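Notes follow once the structure below has been shown.
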Amino acid sequence: MTTGGPRRRHLGLPAAIAAAVLAGLAVAAAAAPLVAALLGHDPAGVDLLNRAAPPSPAHPLGTDELGRDLLVRLLYGGRVSLTVAVAAAAGAALIGTVIGLAAGYFAGRTDAALMRVTDAVIALPLLPLLIVLSAVDPAKVWGGLEGDPGGGLGRIILIVALVGWTTVARLVRAATLSVRQRDYVRAARALGTGHLAIMVRHILPNVASPVIVATTLAVGQVILLESVLSFLGVGIQPPAASWGNMLTNAQELIWTAPRLAVMPGALIFVTVIACNLLGDGLLNAYDPRLGGNARRPA
Amino acid sequence: MLRFAVHRGLQALIVLAAMSFVVYALIGLMPGDPIDILLSGNPEMTSADAERLRALYGLDQPLVVRYLAWAGNALAGDFGFSRVHAVPVEQILLPRLVNTLLLIGAAVVLALAIAVPLGVLAAARAGSRLDTAINLACFAGVSIPPFWLALLLIMLFAVALGWLPAGGTGALEATGLWDQARHLVLPVATLTLASVATYTRHVRAAMRQELAQDYMRTAAAKGTARPRALWRHAWPNATAPLITLVALDFGALFSGALVTETMFGYLGMGRLIYDSVLGNDFNLALIGLLLATVMTLLANLAADIAYAAADPRVTYRTGPG
């Protein structure tokens, strides 16, 4: 159910294609160990005699600058990039939902203050700040918590979630504002239900649609952020592969092996555009008035 | 009006003060401190020396005390020395700032020159095939990773065609204005293409709003030609929200400039911030980040005030509305 009563609409062709593409990518990434076993390659298996080799039966997409199989690394990189994207988008959705609910439900000064903060976060030059955040020494924050096995996976999820919640917060706030004076909310209030219970039990189920839409859009946003940070060398650390850090050395190789610069970037591009198209389709289905150009990712 | 501007200005100052503290604290959380770096460069130093130096420079003080001392100096115009460049921070920062503003300015002008006709066209023919095509192109534009876009442009124009240099500002090897301009083409093109999709969406949204107004129907009823109705009636009204949206995008623009500068070895501020964070150049990173924040806040402030000035319906009352 949506805020204006049930309003079932079709998702639209672009969004349906996008959903299929995303599902395909997820399956491919999940099958990474299988493909690696079939081909007999280790994603970190360096083969210095076979660097930047062209595609061959043994290496369907060729090898990278250290002789590692490109296909296997793309799939493993996809696992990392998609995991970061989903986890960070979920984290961002959680933060955004809490802020959006609080702003919309309490309205007035709380709303003004929270939305001012949201606007400030949107307006900030985020990338330089994220670079500083990535450079923060975890030992100085948590006191000697060393060693992150995933090549910085946990840290990047945390950092990106901390800045990616703004779209969710805005959409949830708008939806909450429109239901906060509904009869069932007033009835609950009259019965003496607490604020928290009203928000969780009565409002949240009715703003689920914008949360889903915004989370989808956030996934695309997060993949872009992760890829930029990993590309700049402050995100996912090698030897772990991510689509972003696979491009770090690509700039020196564009003369000899342009293939290596094209493929990881193409996968990022396809994933992000699929998330954006799917999010837009969901938004249209949820509320046609908001479709098209109402908001922008990244 | 003046009260509104002053109020917003004060708010921006408060945000800036808060940001300066956050950034100061974050920089302090980066690995090592200046004394560690001295220690690693000089094996003769003992840990007792290190402690003495820490006390001398106040590094053993609590965070708030250190911040206040730093903020006092900064307000008095003393921004400290760059560790890597060994000159006062502002000396290295200002030329870079000029380069970045040049890059951003050129990209914004070009991006708007492309986005305005596209956006107006899409809005005027909303729902048509042309609109759908422009919309899809915009989706592609906001979804492409800027660094990959730069890679593709380098591959096309520097490697395959060999028309343009792949990087550098042309400052060292410059053989005149022409060569410098050639070095600007690809960075500006990257940042332009990275911004054009967002701007086109803004233009389309702003124009759609105006096209739905009664005065447009009146203009059509009076027999005003469509181009005239679009450009003389709707467009002037659409500019106010457009200016605001473009100004609010300044932060994203700066992030894009950082990527572009890094990719092309362009000596701008974004790249400087990146290098100084990775190179533990604490003072430079701190001031660079704050300068970027100040520019963003100024852009937002300008957007607020310009909007209020351009649209008489905006009330200057403050507080929740």
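Being open to solvent by less than 10 Å² (accessible area, probe 1.4 Å) and in contact (Cβ under 8 Å) with a residue 60 or more places away in the chain narrows it down to one residue among A:Val272, A:Val219, A:Val207; which is it? Spell out the reasoning first.
Numbers: A:Val272 fails: in contact (Cβ under 8 Å) with a residue 60 or more places away in the chain; A:Val219 fails: open to solvent by less than 10 Å² (accessible area, probe 1.4 Å).
Only one candidate qualifies: A:Val207.
Being closer than 26 Å to A:Val222 by Cα and either within 28 Å of the chain's Cα centre (by Cα) or open to solvent by less than 40 Å² (accessible area, probe 1.4 Å) (or both) is the requirement here; does B:Val120 meet it?
Values: closer than 26 Å to A:Val222 by Cα: no; either within 28 Å of the chain's Cα centre (by Cα) or open to solvent by less than 40 Å² (accessible area, probe 1.4 Å) (or both): yes.
So B:Val120 does not fit the description; no.
Can you pull out every residue in region B:133-154 that is in a helix (DSSP H, G or I), in contact with a Gly (Cβ under 8 Å, 6 or more places away or on another chain) and of a type outside the set (A, V, I, L, M, F, W, C)?
B:Asn135, B:Ser143, B:Pro146
Return the only residue of A:Arg189, A:Arg173 being touching a helix residue (DSSP H, G or I) at 6+ places or on another chain (Cβ under 7 Å), part of a helix (DSSP H, G or I), open to solvent by 50 Å² or more (accessible area, probe 1.4 Å) and within 14 Å of chain B (Cβ to nearest Cβ). So that I can check it myself, show each step before the final result.
Numbers: A:Arg189 fails: within 14 Å of chain B (Cβ to nearest Cβ).
Going through A:Arg189, A:Arg173 in turn, just one is touching a helix residue (DSSP H, G or I) at 6+ places or on another chain (Cβ under 7 Å), part of a helix (DSSP H, G or I), open to solvent by 50 Å² or more (accessible area, probe 1.4 Å) and within 14 Å of chain B (Cβ to nearest Cβ): A:Arg173.
Quick check on B:Ser255: is it assigned to a helix (DSSP H, G or I), facing chain A (nearest Cβ under 7 Å) and crowded, with 24+ Cβ neighbours inside 10 Å? Let's see the steps before the verdict.
Working: assigned to a helix (DSSP H, G or I): yes; facing chain A (nearest Cβ under 7 Å): yes; crowded, with 24+ Cβ neighbours inside 10 Å: yes.
Taking the combined requirement at face value, the residue satisfies it.
Could you identify the single residue in A:Thr83, A:Thr110, A:Thr97 that is in a helix (DSSP H, G or I), crowded, with 17+ Cβ neighbours inside 10 Å and on the phi < 0 side of the Ramachandran plot?
Numbers: A:Thr83 fails: crowded, with 17+ Cβ neighbours inside 10 Å; A:Thr110 fails: crowded, with 17+ Cβ neighbours inside 10 Å.
Of A:Thr83, A:Thr110, A:Thr97, the one residue that is in a helix (DSSP H, G or I), crowded, with 17+ Cβ neighbours inside 10 Å and on the phi < 0 side of the Ramachandran plot is A:Thr97.
Checking B:His202 against (1) crowded, with 19+ Cβ neighbours inside 10 Å; (2) away from chain A (no Cβ under 11 Å); (3) not small (Gly, Ala, Ser), which test does it fail?
Exception for B:His202: condition (2).
Quickly run through region B:17-46 and pick out the residues that are open to solvent by 40 Å² or more (accessible area, probe 1.4 Å), more than 19 Å from A:Val121 (Cβ to Cβ), facing chain A (nearest Cβ under 10 Å) and hydrophobic (A, V, I, L, M, F, W, C).
Residue satisfying the conditions is B:Leu29 alone.
Picking from B:Ile92, B:Ile104, B:Ile14, which residue would you name as being in a helix (DSSP H, G or I), under 23 Å from B:Gly270 (Cα atoms) and within 14 Å of chain A (Cβ to nearest Cβ)? Can you show your working first?
Numbers: B:Ile92 fails: within 14 Å of chain A (Cβ to nearest Cβ); B:Ile14 fails: under 23 Å from B:Gly270 (Cα atoms).
Selected residue: B:Ile104, the only one of B:Ile92, B:Ile104, B:Ile14 that is in a helix (DSSP H, G or I), under 23 Å from B:Gly270 (Cα atoms) and within 14 Å of chain A (Cβ to nearest Cβ).
Going residue by residue through region A:176-189, is there one that turns out to be touching a residue at least 24 places away in the same chain (Cβ under 8 Å) and hydrophobic (A, V, I, L, M, F, W, C)?
There is at least one residue in region A:176-189 that is touching a residue at least 24 places away in the same chain (Cβ under 8 Å) and hydrophobic (A, V, I, L, M, F, W, C).
State all residues of region B:277-296 that are facing chain A (nearest Cβ under 10 Å) and open to solvent by less than 10 Å² (accessible area, probe 1.4 Å); if no residue qualifies, say none.
B:Val277, B:Ala285, B:Leu286, B:Gly288, B:Leu289, B:Ala292, B:Thr293, B:Thr296
Out of region A:53-80, which residues are in a loop (DSSP other than H, G, I, E, B) and either in contact with a strand residue (DSSP E or B) (Cβ under 7 Å, 6 or more places away or on another chain) or open to solvent by 50 Å² or more (accessible area, probe 1.4 Å) (or both)? Step through it out loud before you land on a result.
Looking only at region A:53-80, we keep the residues that are in a loop (DSSP other than H, G, I, E, B), and these are A:53-62, A:64-68.
Answer for region A:53-80, where residues must be in a loop (DSSP other than H, G, I, E, B) and either in contact with a strand residue (DSSP E or B) (Cβ under 7 Å, 6 or more places away or on another chain) or open to solvent by 50 Å² or more (accessible area, probe 1.4 Å) (or both): A:Ala53, A:Pro54, A:Pro55, A:Pro57, A:Ala58, A:His59, A:Pro60, A:Leu66.
The values are calculated or read from the model by the stated rules, or taken from the named source; none is laboratory data. These figures come from a predicted structure and were not determined experimentally. Quick reminder, even Gly has a Cβ in these numbers, built from the backbone with ideal geometry, and neighbours come from all protein chains shown. Accessible surface areas use protein heavy atoms only, side chains included; no ligands, DNA or RNA. Shrake-Rupley method; radii C 1.70, N 1.55, O 1.52, S 1.80 Å.
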